[in-house]
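The values are calculated or read from the model by the stated rules, or taken from the named source; none is laboratory data. Remember, predicted model here, so these are calculated numbers, not experimental data. Counting neighbours? That spans all protein chains shown, and the Cβs are built from the backbone with ideal geometry, glycine included. Note: accessible area is taken over every heavy atom of the protein model, side chains too, but ligands, DNA and RNA are not part of it. Shrake-Rupley method; radii C 1.70, N 1.55, O 1.52, S 1.80 Å.
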Amino acid sequence: INQSLPSRCRIRQRKDFEQALKNSGLINKWFAVHLVNTANGYARLGMIVSKRTMPKAVARNFAKRLIRECFRQNLTVLPALDFVIRIRRNLTQNTSLEARTALIALLLAAKAQ
C-alpha cells in the first residue's frame, strides 16, 4: 500500500501560498493554518517551516514529515480547501506528540468552518 501523500494534494505554486497567507487562519501554540476555498474537489497541503523558527535542517525535515503524515491520515475527512500550515515554534521529538494532537485539532476545526 502506498503511504505517501499524492502529488495532486500538494501546493507548489507561489501564488497559491500567497493567496492562502492573505487569509487569516486558525492558530494555536504550535501552528497557524491558513485556508483558501478552491475549485478542486480535494484538499491540498502547503507547508512553511522557516529556518528562523527551526534552525536545524534535521528538525525542519522532521516537522515536515509530521505535518504531511497528519494531513495524509486525515485526508478523507478534510474539506476541499487549500491548507497552508506554518510552524510557529521549534518542534522536537519530545514535543512531537503534543504538536501532532494540536495539528489534528486545527485540521478538524477547519472542517467545522
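With the contact rule set at Cα under 8 Å and sequence spacing of 6 or more, what percent relative contact order holds for the chain? The partial results should precede the final answer.
Numbers: 163 pairs, mean separation 39.2, N = 113.
Across the chain, relative contact order equals 35 percent.
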- For the chain, which whole percent of the accessible surface, found with a 1.4 angstrom probe, sits on carbon and sulfur atoms? 49
- Whole-angstrom gap from region 17-78 to region 1-15, using each part's C-alpha centre: 12
- Pairs beyond 22 Å (Cα-Cα), from LYS15/LYS56; LYS29/LYS51; LYS56/LYS111: LYS15/LYS56; LYS56/LYS111
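Multiply the residue separation of ASN40 and ALA109 by 0.36 nm, subtract the distance between their alpha-carbon atoms, and state the gained length in nm to one decimal.
Details: separation 69, 0.36 × 69 = 24.84 nm, distance 2.02 nm.
Using 0.36 nm per residue and subtracting the Cα-Cα distance, I get 22.8 nm.
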- Item | Magnitude of the charge dipole, the chain, Cβ model with Lys/Arg +1 and Asp/Glu -1, debye to 20 | 420
- Note on the structure: Long-range amide H partners of MET54, meaning residues 5 or more apart or on another chain whose placed amide H is closer than 5 Å, are none
- Report, in deg cm²/dmol and to the nearest 500, the calculated mean residue ellipticity at 222 nm for the chain, where each DSSP H run with n ≥ 4 adds -39500 (n - 2.57) and the sum is divided by the residue count. -12500 deg cm²/dmol
- Message: Counting heavy atoms of the protein chains only and a 1.4 Å probe, report the per residue accessible area for the chain as a whole number of Å².
- Response: 60
- Query: So for the chain, taking the charge dipole from beta-carbon charges (+1 Lys/Arg, -1 Asp/Glu), which of PRO55, LEU35, SER7 sits furthest toward the positive end?
  - Reply: PRO55
- Computed over the chain, Cα set: Rg, Dmax in Å: 13.2, 39
